[in-house]
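Below: the structure, in C-alpha cells.
The values are calculated or read from the model by the stated rules, or taken from the named source; none is laboratory data. Predicted, not measured: the structure shown is a model, and the values here were computed from it. Note: ideal-geometry Cβ built from the backbone for every residue, glycine included; neighbour counts use all protein chains shown. The accessibility values were calculated without ligands, DNA or RNA, using every heavy atom of the protein model including side chains. Shrake-Rupley method; radii C 1.70, N 1.55, O 1.52, S 1.80 Å.
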Amino acid sequence: MAHRTLVLGGARSGKSAHAEGLVPGDAPVTYVATARVDPADEEWRARIAEHARRRPPAWRTLEHPDLAELLRAASPSDGPYLVDDIATWLTGELDEAAAWEGGSETVAAVRKRAAELVSALHACPARVVLVSAEVGLGVIPATRSGRLFRDELGALNAALAEACDEVILLVAGIPLRLRGGDAGGGTNRETSSARDGASGDTSTQTRRYEVSTSDAAPDTPAWPTQEHLDDLVADVPAPVELPPVTPPDDQARRDALARHERLTKPAGSLGRLEELGVWLAGCQATCPPRPPSRPRVVVFAGDHGIARKGVSAYPSEVTGQMVANFLAGGAAVNVLAQAAGATVRVVDMAVDADTPEFVRAHKVRRGSGCIDTENALTDAEVRAAVTAGRALADEEVDGGADLLIAGDMGIGNTTPSAVLVAALTGAEPVAVIGRGTGIDDEAWMRKCVAVRDALRRARQVVDDPVVLLRTAAGADIAAMAGFLAQAAVRRTPVVLDGLVVGAAAVVAEEMAPGARDWWVAGHRSAEPAHTLVLEHLDLRPLLEMDMRLGEGSGAVSALPLLTMAARVMNEMATFDDAGVSGRTGEQPGATSTGRTEGAGELTSAEG
C-alpha cells in the first residue's frame, strides 16, 4: 500500500534507527543509501559501515541510484523503500551541478532534480520511508555554501513533508509525531492536520519544489464528502462577522514622509516609489519600512457552473489541469514569483476534479451553481468558503508571510466577477464584460446574456455582501474575499491582482470597511471591469502592461517595486549623511518643504 513517511532529526538524533524500525525486519526492504563515499574520509566510511551492520540480511541495498527514477519505477507489490538520507542526496546533487560556487543556473538545475524527486514520491505506489536532516537543528556555517544548503534543504524538506502521509521529528532520540498515524493505515491527511493543529501543517513553508500528483485511484470517493462539508460548517457562525479593521499607522506614515524630505533627492522626484514606501511604513508601523522578505502568493482555484453556457474559450477541465501545473512550477505565476522572491501556494476551493489531499483541505464543493438561473452556493457553503479564506490568511501570516497576494484560477471566473463588480458599482452589463480568455464575438454575446441575467438576481441582494457572494460568486471568489478582509484585520499588506481578485476585493471592502487601506493595486487589467474596481476602491495601479492572465501574475510583477521603495528609504543617504547641500539657501541637513520635478537642486530631478 502507498504510504509515505518522512523522518526528520538533527545529527545523532536517532532518526535513521527510528526509520529502520518503521519497516518490518523480515520484509523485502530496499535500502537506498544516498551517501557518496570519499575513500579518504575514514570517519565517514565508519559511519556508513555502522549503518550497514544494522540492516537485516534480507534487505537489498542500492548505493546512490537515480532516486526519482527508482520511485517512479516502483510497483504496488514492491517491498518498502527506506531512503537514508535526503540531506546527503541533496549534497551530492549540489556537488554534481557545481552549485556551491556556481550561478543561478546551477541552483536551478538542482531544484529541477528536487522537483522530480517530490513528483516521483507523490506518484510512488509503494511504501516509502525517507530520512532527512532537520536543517534548523544543525549548525550551518555563515557562508554562501552554508546558506545555500540551508535554504535548499529547508525547502525540499517542506515539499517532501507535503507529499507524505506521516511526518516524525526525532529530538534527543524521542520521536515526535507531527502528522499522520499508523504506517499501515493510509492516514487521511486532512483529518490528521486538523487534529494536530499548527504543528502538523506545513502549508506555510516554502514550496520551491511543489509538484503534481497522479490522478486519484478509481476507488477514491468523490471529494468533498458530505462529512467533510459538515465539518467545515459545524463551527462557522451565521452570519459571518469580521473584527473591525485598524488603519495603518499614521505616525509611521508621517515619519516616512519626513524621511523622504531628508534623502539626497528633490522631494517627490521618485514619484510613486515614495508613495509606496510611505504606505509600507504605515502598514509595518515603522520607519524606514523593511523590504518584504516573505511575500506569499495564494492561488484560489475553482470551477464555475456558468462556464457551461459557453462564456469561455477553454473547457472546464483546464482548471484541474492548471492546478497540477501550478504544483509542478510550470505556470506563469510560478516563474514570475521565483524571479520576484515570492512563494506560491494553490488551494482547491471548488475544482470539478480530483486534486491532491493537501490542496483540497479547504474544498467546499465541486464547481458552482449556474448563476444566471440559480445561486452559486448554499448558505452553508458560502459561510464555509469565507471562513476558509480567513483561515488561510491566518495560516500564512502566522507562518511568517509579511506580504500577501491572492491569485485566481478558474475557467469562467471572469463572468461572476463581472456580475459582482456591476452589482456593487451600478455599472451596466456591457461596461463590465471583456474578452476573458480570448473569446470570440459569439461567446462574448453569450457572456453578455449570462451577466445580464445573473445581475438581475444579484442586485436584489446587493446590501448583504455574504448573500451576494452566495448568489453570484463561487467558493473560490468567496474565499478570496475572506482572505483579503482577514489580511487587513491581521494588519498585513496585500498587492491586488486583476479583475477576479479585484471583484473579491470590492466585496471584501463591504465586509470589512477600511480593508482597502491595506491594499495596493499591482496593475490594471485589460478587462474593462477592472478599471471600475480601481475607481471604486480609489486605488491607482502600479503597472499598466495590458496583462489579463490572472493567477496573481500582475501583482507579482509589481512586487519588485515595493522592495525598491523600501530599500530607497533604508539605504539612500540623507543630506546630512552625504554632506550634500539642500535647496538653494539651505544648509546640509535642512528639510525641504517643496516638491519639484525641475532641474537645478541635485543636477536634475532625474539625476
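If you scan region 548-574, which residues turn out to be among the aliphatic types (A, V, I, L, M) and closer than 28 Å to A512 by Cα? Full working, then the answer.
Residues of region 548-574 that are among the aliphatic types (A, V, I, L, M), as a first pass: 549, 555-556, 558-559, 561-562, 564-566, 568-569, 572-573.
Answer for region 548-574, where residues must be among the aliphatic types (A, V, I, L, M) and closer than 28 Å to A512 by Cα: L549, A555, V556, A558, L559, L561, L562, A565, A566.
If only residues of region 362-377 that are out of contact with any helix residue (DSSP H, G or I) (no Cβ under 7 Å at 6 or more places or on another chain) and within 21 Å of R345 (Cβ to Cβ) are counted, the one that is most open to solvent (accessible area, probe 1.4 Å) is R366. The residue of region 562-601 that is modelled with the lowest pLDDT, among those that are crowded, with 17+ Cβ neighbours inside 10 Å and in a helix (DSSP H, G or I), is F575.
Go through region 275-334 and give me each residue that's among the β-branched types (V, I, T) and not in a helix (DSSP H, G or I). Explain how you work it out, then say what you get.
First pass over region 275-334, keeping only residues among the β-branched types (V, I, T): 278, 286, 297-299, 306, 311, 318-319, 323, 333.
Passing the criteria: T286, V297, V298, V299, V311.
Selection of strands (runs of 3 or more DSSP E) fully inside region 57-156 by the criterion of at least 1 residues being at pLDDT 90 or above returns 81-84, 127-133.
For T373, the test of being of a type outside the set (D, E, K, R), touching a residue at least 60 places away in the same chain (Cβ under 8 Å) and in a helix (DSSP H, G or I) is failed.
With the structure loaded, tell me whether E152 is open to solvent by less than 10 Å² (accessible area, probe 1.4 Å) and not basic (K, R) or whether it fails that test.
So E152 passes the test.
The condition of being at pLDDT 75 or above and open to solvent by 40 Å² or more (accessible area, probe 1.4 Å) holds for only one of A46, A11, that being A11. Applying a threshold of 6 Å to beta carbon distances and a minimum spacing of six or more residues, or different chains, the list of pairs starting in region 429-456 at a residue that is within 23 Å of L534 (Cα to Cα) and ending at one that is acidic (D, E) and not in a helix (DSSP H, G or I) reads G434/E527; A454/D372. For region 68-115, what are the residues that are open to solvent by less than 40 Å² (accessible area, probe 1.4 Å), over 25 Å from G341 (Cβ atoms) and not small (G, A, S)? Listed by number, the residues that qualify are L70, L71, P80, Y81, L82, V83, D84, D85, T88, W89. Take the conditions (1) open to solvent by 10 Å² or more (accessible area, probe 1.4 Å); (2) over 27 Å from V167 (Cα atoms); D394 misses just one of them, which is (2). Can you tell which of V461, V421 is surrounded by fewer than 19 Cβ atoms within 10 Å (Cβ to Cβ), modelled with pLDDT of 95 or more and more than 24 Å from Q321 (Cα to Cα)? The match here is V461.
Over 25 Å from the mean Cα position of the chain (by Cα), at pLDDT 95 or above and within 25 Å of K447 (Cβ to Cβ): does that describe G305?
For G305, the condition - over 25 Å from the mean Cα position of the chain (by Cα), at pLDDT 95 or above and within 25 Å of K447 (Cβ to Cβ) - is met.
Kindly indicate the residue of region 322-337 that is without any contact (Cβ under 8 Å) to a residue 24 or more places away in the chain and open to solvent by 40 Å² or more (accessible area, probe 1.4 Å) and also farthest from G410 (Cα to Cα) among those meeting that condition.
Applying the first criterion (without any contact (Cβ under 8 Å) to a residue 24 or more places away in the chain) to region 322-337 yields 330, 334-335.
Going one step further and asking which of them are open to solvent by 40 Å² or more (accessible area, probe 1.4 Å), we end up with 330, 335.
On the way: G330: 17, V335: 19 Å.
Per the stated criteria, the residue is V335.
In the set I433, I371, I411, I405, only one residue is under 14 Å from the mean Cα position of the chain (by Cα) and β-branched (V, I, T); that residue is I405.
Contact map, region 68-96: first residue of a type in the set (K, R), second residue part of a helix (DSSP H, G or I), Cβ cut-off under 6 Å, separation 6 or more or different chains; pairs are R72/A120.
Restricting to region 504-543, give me the number of residues that are on the phi < 0 side of the Ramachandran plot, not β-branched (V, I, T) and not in a helix (DSSP H, G or I). Talk me through it step by step, then tell me what you get.
In the first step, residues of region 504-543 are kept if they are on the phi < 0 side of the Ramachandran plot; the result is 504-513, 515-537, 539-543.
Filter once more, keeping what is not β-branched (V, I, T): 504-505, 508-513, 515-519, 521-530, 532, 534-537, 539-543.
Those still in the list that are not in a helix (DSSP H, G or I) too: 512-513, 519, 521-527, 539-543.
Number of matching residues: 15.
Of all residues in region 341-353, those being buried (at least 21 other Cβ atoms within 10 Å of the Cβ) and either among the hydroxyl-bearing types (S, T, Y) or in contact (Cβ under 8 Å) with a residue 60 or more places away in the chain (or both) number 8. For region 504-549, the set of residues classified as more than 22 Å from G302 (Cβ to Cβ), of a type in the set (G, A, S) and under 22 Å from the mean Cα position of the chain (by Cα) consists of A521 only. Pick out the one residue from R540, R491, R516, R548 that is more than 26 Å from G271 (Cβ to Cβ) and open to solvent by 10 Å² or more (accessible area, probe 1.4 Å). Checking each option against the conditions leaves just R491.
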